[in-house]
Amino acid sequence: MIDGGPPALRGDEIEIPAVTEWTMEMLDAADLHPAPLPGVEMTFTLSGVPSPEVSRALYAAVGARVCWTDRFPWTYADWRAWVDRPELSTWIAMAEGTIAGYFEIEAQPGGNTEIHLVGLTHAFVGRGYGGYLVEQCTRRAWQRGELWACGTGRATRVWLRTSTLDHPNAIANYRRRGFKVAAEATAPKPVPDPRAAPWPLPHDPRVASRRHEEEELIT
Ligand SMILES: CC(C)(COP(=O)(O)OP(=O)(O)OC[C@H]1O[C@@H](n2cnc3c(N)ncnc32)[C@H](O)[C@@H]1OP(=O)(O)O)[C@@H](O)C(=O)NCCC(=O)NCCS
């Protein structure tokens, strides 16, 4: 056994030899370039009830095809701790009566607002929704402190990370909206198989749910 070598890959992981990651930022709300309106109305709703299940499902639905796997190891408790914070907001985009996409934004100290995740569900990609989704996401990121994360102060910088694993339209879309590259780094990245997204539940439903239901009826 040799110490100091690269970490061993897990069974379902493949190492992508060179993943380039860009940090992109916008320093003034006036730099936001509006996108053309989609042909069909797209609406955006702030998720009012932090929900590990919903956030996990959106993460898999939007991200599986672009290898969003970093959160796969998260437990139910990890997800709950992540979403159940006043400084984090999740917005659900609807179009044509269907969940068309979502975004997750966080008010961070010093006026920084991070766009953690933004994307369309697969059926909506390449149909003229992507620019508008990122525009509306960025608008809301600038509205932190008033529209959401109230009392955290105004935003002075909106930033995000994107990589060569994301959809090939992603970086062009951010540039079109007015984001600039602030940093770039390339490194190998082990990526688990995104087709399977195991997520152990907090309780085994075969043994716990009936008892749980009975407890709820009693109280
Ligand atoms: C990223 C994503 C939102 C883009 O949406 P899309 O439907 O693929 O892209 P669109 O066709 O709407 O194009 C968006 C904008 O980028 C521009 N664009 C796209 N590809 C381009 C290219 N190759 N060169 C220049 N501009 C390009 C379009 O002109 C458009 O700009 P406009 O709104 O000013 O007209 C979408 O692909 C997606 O959600 N993918 C899955 C999740 C993901 O990768 N998210 C990004 C994580 S960082």
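The values are calculated or read from the model by the stated rules, or taken from the named source; none is laboratory data. Owing to the predicted nature of the structure, the values given are computational and were not obtained by experimental measurement. Cβ sites come from the backbone with ideal geometry, for glycine too, and all protein chains shown count toward neighbours.
Listed values, structure above:
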read-out	value
Among the candidates Glu214, Glu184, residue that is modelled with pLDDT under 95, of a type outside the set (Val, Ile, Thr) and farther than 20 Å from Leu32 by Cα	Glu214
Whichever residue in the range 86-110 is under 15 Å from the mean Cα position of the chain (by Cα) and within 14 Å of Val49 (Cβ to Cβ) and, among such residues, is surrounded by the fewest Cβ atoms within 10 Å (Cβ to Cβ)	Ile92
Members of the range 153-176 that are more than 17 Å from the chain's Cα centre (by Cα) and more than 7 Å from the ligand (Cβ to nearest atom)	Gly153, Arg154, Ala155, Thr156, Arg157, Arg175
Test: residue in the range 122-143 that is away from the ligand (no atom under 12 Å from the Cβ) and either assigned to a loop (DSSP other than H, G, I, E, B) or on the phi > 0 side of the Ramachandran plot (or both)	yes
Given (1) out of contact with any helix residue (DSSP H, G or I) (no Cβ under 9 Å at 6 or more places or on another chain); (2) more than 12 Å from the ligand (Cβ to nearest atom); (3) in a loop (DSSP other than H, G, I, E, B), index of the condition Ala185 fails	(3)
Identity of the residue in the range 187-211, among the basic types (Lys, Arg) and under 19 Å from Trp68 (Cα atoms), that ends up modelled with the highest pLDDT	Lys189
Pair list, Cβ < 9 Å and 6+ apart or interchain, from the range 33-50 residues that are under 25 Å from Lys180 (Cα atoms) to residues that are acidic (Asp, Glu)	His33/Glu135; Pro34/Glu135; Ala35/Glu135
Residue satisfying all of: in the range 55-73; under 14 Å from the mean Cα position of the chain (by Cα) and free of Cβ contacts under 8 Å to residues at least 24 places away in the same chain; nearest to Thr98 (Cα to Cα) among these	Ala57
